[in-house]
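Student: One structure, as structure tokens, below. Some questions next.
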Amino acid sequence: MKSNGVNRTLQAARTQELIYELKVQQAMTTKVITVEPENTMEDLRQILKLHQLSGTPVMNEGDLVGIVSVEDLIRSLLEGNGSEPVKQRMSANFVTLYADEPLVHAVQKFERHGFGRFPVIDRKTKELVGILTKGDIIRCMLQRLEIDFHEQEIRRYKPSDWFAELESDRTTLGLRYLIQGRNFQRAGEASSKLKQNLRTLGIAPEAVRRITIASYEAEMNLVIFTGGGELSAFVEPGKVTITVVDHGPGIPDIERAMQPGYSTAPDWVRELGFGAGMGLPNIKNCSNELKLDSKVGEGTNLQFTVFT
Ligand SMILES: Nc1ncnc2c1ncn2[C@@H]1O[C@H](COP(=O)(O)OP(=O)(O)OP(=O)(O)O)[C@@H](O)[C@H]1O
Ligand SMILES: [Mg+2]
């Protein structure tokens, strides 16, 4: 029972925060049904009924000139005046909201003016872009709270927590991807699958980004310069280690290969946009540790680690 009370307080605080965070345009209805000043109150009755509205803006040749509500309609009908024009009954001194205002302004205006709805206009063009009722605000807030709730659930069960719980086991998860040499059609597949899997595992987005860039560069080198090989990832608490192995031709001068701008890529590869000689330097920049071994005629073994 106690935690329930705490939850409710948190929810209330979040609701408060939301009306500052959310903008009018996120809550407003953008499909605005309007009437014209010369429409009759009977026309209005039909329009309100058809669209189940309690009021609508009055537009004259693209200009917002008033607001007319179901209360105006009732008053008019009670006086037996269904044929009088809307312009006779509409309120011409209405209050508008800007689409980019925070919802808190709208809430304040609802309280201050007692109106049921506000036309929303664009701050620059002054054009009508929507309409906002209290119902819209409530609907929008409930949706947001729902989204928050789901995000919390996902966070609560994200698999990276498994590691935290199993720390004493030194749990390691291994992932393997094959890379085909010379196959440009499938180039990038291994690193993009790895990216998906690391995301699913709940690895921090910044670390996933660095791992993905480095893996992509390594994968492209295998596609371009070798007959293919394998990329494997070892996920441990606090780090991910990637090993990329191929079976030749090998790199004759590793120090040189690591230098920015050094490339042996042939012209046709350069035409595809590769061969700037930035792959290996990029991998180095993205990783916290890097080891590159190679033997000409045998193959290359690249290993890099990213702390997560
Ligand atoms: N796995 C590999 N096997 C053989 N040679 C490689 C391998 N990886 C890199 N090299 C050699 O090292 C050079 C530098 O690689 P790096 O990835 O930095 O640049 P690049 O692939 O030529 O150009 P970029 O990566 O900018 O498209 C390559 O041109 C190639 O000669
Ligand atoms: Mg490269």
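Student: I want to confirm something. Restricting to region 137-189 and keeping residues that are among the small types (Gly, Ala, Ser) and part of a helix (DSSP H, G or I), which single residue is modelled with the lowest pLDDT?
Tutor: Filtering region 137-189 for residues that are among the small types (Gly, Ala, Ser) and part of a helix (DSSP H, G or I), the one modelled with the lowest pLDDT comes out as Ser168.
Student: I'd like the residue in region 264-298 that is within 17 Å of Pro252 (Cα to Cα) and among the aliphatic types (A, V, I, L, M) and, out of all such residues, is surrounded by the fewest Cβ atoms within 10 Å (Cβ to Cβ).
Tutor: In this case the residue turns out to be Val296.
Student: Would a scan of region 226-241 turn up a residue that is out of contact with any strand residue (DSSP E or B) (no Cβ under 7 Å at 6 or more places or on another chain), at pLDDT 95 or above, within 18 Å of Glu189 (Cα to Cα) and within 7 Å of ligand 1 (Cβ to nearest atom)?
Tutor: no
Student: For region 260-291, how many residues meet the condition of being more than 6 Å from ligand 1 (Cβ to nearest atom), assigned to a loop (DSSP other than H, G, I, E, B) and touching a helix residue (DSSP H, G or I) at 6+ places or on another chain (Cβ under 7 Å)?
Tutor: Qualifying residue count for the region: 2.
Student: List every residue pair whose Cβ atoms sit under 6 Å apart, with the two residues 6 or more apart in sequence or on different chains, where the first one lies in region 56-69 and is under 15 Å from Val120 (Cβ atoms) and the second, anywhere, is of a type in the set (Phe, Trp, Tyr).
Tutor: Qualifying pairs under 6 Å: Ile67/Phe94.
Student: How many of the residues making up region 200-252 are among the acidic types (Asp, Glu), closer than 21 Å to Asn282 by Cβ and more than 24 Å from the chain's Cα centre (by Cα)?
Tutor: Qualifying residue count, region 200-252: 4.
Student: Do we have any residue at all in region 71-81 that's over 35 Å from the mean Cα position of the chain (by Cα) and at pLDDT below 85?
Tutor: Yes - at least one qualifying residue is present in region 71-81.
Student: In this structure, does Gly261 turn out to be surrounded by 14 or more Cβ atoms within 10 Å (Cβ to Cβ), in the same structural domain as Tyr177 (by TED's automatic domain parsing) and farther than 30 Å from Thr200 by Cβ?
Tutor: No.
Yes/no matrix, rows are residues, columns are (1) free of Cβ contacts under 8 Å to residues at least 40 places away in the same chain; (2) more than 12 Å from ligand 2 (Cβ to nearest atom); (3) surrounded by fewer than 20 Cβ atoms within 10 Å (Cβ to Cβ); (4) part of a helix (DSSP H, G or I):
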{"residue": "Ser192", "(1), (2), (3), (4)": "yes, yes, yes, yes"}
{"residue": "Val208", "(1), (2), (3), (4)": "yes, yes, no, yes"}
{"residue": "Ser232", "(1), (2), (3), (4)": "no, yes, yes, no"}
{"residue": "Pro252", "(1), (2), (3), (4)": "no, yes, yes, no"}
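Student: Which residues, taken from region 91-132, are assigned to a strand (DSSP E or B) and among the charged types (D, E, K, R)?
Tutor: Arg117, the sole residue that qualifies.
Student: Which of the residues that make up region 20-71 are farther than 24 Å from Ala106 by Cα and charged (D, E, K, R)?
Tutor: Residues satisfying the conditions are Glu36, Glu38, Glu42, Asp43, Arg45, Lys49, Glu61.
Student: Sort through Thr226, Thr305, Thr212 and tell me the only one that's surrounded by 15 or more Cβ atoms within 10 Å (Cβ to Cβ), polar (S, T, N, Q) and more than 16 Å from ligand 2 (Cβ to nearest atom).
Tutor: Exactly one of Thr226, Thr305, Thr212 is surrounded by 15 or more Cβ atoms within 10 Å (Cβ to Cβ), polar (S, T, N, Q) and more than 16 Å from ligand 2 (Cβ to nearest atom), namely Thr305.
Student: Could I ask something else about it? Among the residues of region 102-123, which ones are over 16 Å from Ser54 (Cβ atoms) and more than 26 Å from the chain's Cα centre (by Cα)?
Tutor: Val107, Gln108, Lys109, Glu111, Arg112, listed by residue number.
Student: Could you give every pair whose Cβ atoms fall below 7 Å, whose first residue belongs to region 272-290 and is polar (S, T, N, Q), and whose second residue is near ligand 1 (Cβ under 9 Å from one of its atoms) and in a helix (DSSP H, G or I), counting only separations of at least 6 or pairs across chains?
Tutor: That search, which allows pairs on different chains as well, returns Asn282/Glu217.
The values are calculated or read from the model by the stated rules, or taken from the named source; none is laboratory data. It should be emphasised that the depicted structure is a prediction, and the values quoted were computed from it without experimental measurement. No Cβ is skipped: glycine too gets one built from the backbone with ideal geometry, and neighbour counts run over all protein chains shown.
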